[in-house]
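What follows is a single structure, written as C-alpha cells, with notes after it.
The values are calculated or read from the model by the stated rules, or taken from the named source; none is laboratory data. This is a predicted model, so every value here is computed, not measured. For neighbour counting, all protein chains shown are included, and Cβ atoms are generated from backbone atoms with ideal geometry for every residue, glycine included.
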C-alpha cells in the first residue's frame, strides 16, 4: 500500500496510510523519485529534494516525490511531500488511478507503464531526463507541447506497428 513518508524521525513508514487526494487536487508534480534521482547529478536524495523545493516554491506548486524503500527520517519540506513505499511504481499507479482532476497533476517519470497510465487519464507527463530544475520553464515533453499524448518516437513506433498489421 502507498504510504506517505515519515513525519516523525524514527517512526516507520508502515504506520502511514494512502496519500490524501488533497495533494492531487492542488496542482502538483507527482515524481518517480529514484527515476528522477538517477537522471541528475545529485549525490544525495536531500539535494534532489532541496532543488525540487526551490523549483516548486518559485512556481507556487507542490510536489510529491515517491521513493522505494523506507524513510530514515523526515525529508518533507514546505512544498515537497516525500513518500517512501515498498514499490514506488505501484504507489504512483494507485495515485494516477484515483486522480479525479487530471489537469492539475503532472507526472515526472520515464517509466513507460506509468506514462501510459497517465496518458489514459489525460495527465501531463515529463520524462525524468527532460525535467529542468531551473527556475524558468521546464523542458516540455510532447504531451505538454500540445502535439498529442504520444512522443515522436512513440508515434513512429505505433505507425510502424500499424503499417505491419495484417488484415
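Values for this structure:
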{"quantity": "Candidate set: the stretch 79-90, residues that are touching a residue at least 40 places away in the same chain (Cβ under 8 Å) and under 18 Å from residue 126 (Cα atoms); chosen: the one surrounded by the most Cβ atoms within 10 Å (Cβ to Cβ)", "calculated": "88"}
{"quantity": "Conditions (1) buried (at least 20 other Cβ atoms within 10 Å of the Cβ); (2) modelled with pLDDT of 80 or more; (3) more than 15 Å from residue 132 (Cα to Cα); number of the one not met by residue 3", "calculated": "(2)"}
{"quantity": "Residues that are in a helix (DSSP H, G or I), in contact (Cβ under 8 Å) with a residue 24 or more places away in the chain and in contact with a strand residue (DSSP E or B) (Cβ under 8 Å, 6 or more places away or on another chain), drawn from the stretch 103-117", "calculated": "104, 114"}
{"quantity": "Residue within the stretch 69-86 that is within 26 Å of residue 154 (Cβ to Cβ) and out of contact with any helix residue (DSSP H, G or I) (no Cβ under 6 Å at 6 or more places or on another chain) present", "calculated": "no"}
{"quantity": "Looking only at the stretch 16-32, and only at residues there that are outside any loop (DSSP other than H, G, I, E, B) and out of contact with any helix residue (DSSP H, G or I) (no Cβ under 8 Å at 6 or more places or on another chain), the one that is modelled with the highest pLDDT", "calculated": "23"}
{"quantity": "Test result for residue 135, modelled with pLDDT of 90 or more, closer than 19 Å to residue 58 by Cβ and either out of contact with any strand residue (DSSP E or B) (no Cβ under 7 Å at 6 or more places or on another chain) or crowded, with 18+ Cβ neighbours inside 10 Å (or both)", "calculated": "no"}
{"quantity": "Checking residue 41 against (1) surrounded by 15 or more Cβ atoms within 10 Å (Cβ to Cβ); (2) modelled with pLDDT of 85 or more, the condition it does not meet", "calculated": "(1)"}
{"quantity": "Residue among 100, 50, 35, 76 that alone is in contact (Cβ under 8 Å) with a residue 60 or more places away in the chain and not in a loop (DSSP other than H, G, I, E, B)", "calculated": "35"}
{"quantity": "When residues of the stretch 63-75 are limited to those that are at pLDDT 90 or above and surrounded by 18 or more Cβ atoms within 10 Å (Cβ to Cβ), the one farthest from residue 125 (Cα to Cα)", "calculated": "75"}
